[in-house]
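Derivation of every value follows stated rules applied to the coordinates shown; laboratory data play no part. Computed from a predicted structure; not experimentally measured. Here the Cβ positions follow ideal geometry from the backbone for every residue, glycine too, while neighbour counts run over all protein chains shown.
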Amino acid sequence: MRGVFLFPDIEQAAVVALLDERSPGQRHPWFADGCLYVWLTTEDLYLDWEPETVGSLTRACGRLPEWMLEVEVSGRVDGTAEVRRLTSALLAQGGIAMDDYSDHPWTAEEVADDTAAGGLRFFDFRTDYERTAFPR
């Protein structure tokens, strides 16, 4: 599984309503856009996070968020377009996204503009794989 973490700058109830629209009749997790599994997490959010990543998120948000959305994509599908679409919808009013491939806190504008940070774009699993793959 590949994943992203979303920290929308809107009320939790509005996020739930948006996810309910995209995944009628299914929660815990929501199944959105045919390949995204979405969980709302409110406890033990940063247990496995590096301190530098937590610091980067805190600086980007102006505070440490008290809840987040965890979005996972099956390795059997690309999922890039679906992740970008959901991220854009949830961050339309502000917020930050983080992915498994960099410590960069992504804004909706950076995702939409396909901005690179540290040589990676948002949810850039291909470039990350090329960088970290063992030589043959």
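The table below lists the values:
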read-out	value
Options 47, 64, 40, 19; residue that is buried (at least 21 other Cβ atoms within 10 Å of the Cβ) and either of a type in the set (S, T, N, Q) or more than 24 Å from residue 132 (Cα to Cα) (or both)	19
The listed residue being among the aromatic types (Phe, Trp, Tyr) and either more than 22 Å from residue 81 (Cα to Cα) or touching a Gly at 6+ places or on another chain (Cβ under 9 Å) (or both), out of 31, 7	7
Filter result (closer than 19 Å to residue 49 by Cα, free of Cβ contacts under 8 Å to residues at least 60 places away in the same chain, touching a strand residue (DSSP E or B) at 6+ places or on another chain (Cβ under 8 Å) and not aromatic (Phe, Trp, Tyr)) within region 97-123	102, 104, 105
Hits in region 1-18 - residues which are part of a helix (DSSP H, G or I) and without any contact (Cβ under 8 Å) to a residue 24 or more places away in the chain	13, 14, 17
Any hit, region 74-97, residues being buried (at least 17 other Cβ atoms within 10 Å of the Cβ) and among the acidic types (Asp, Glu)	yes
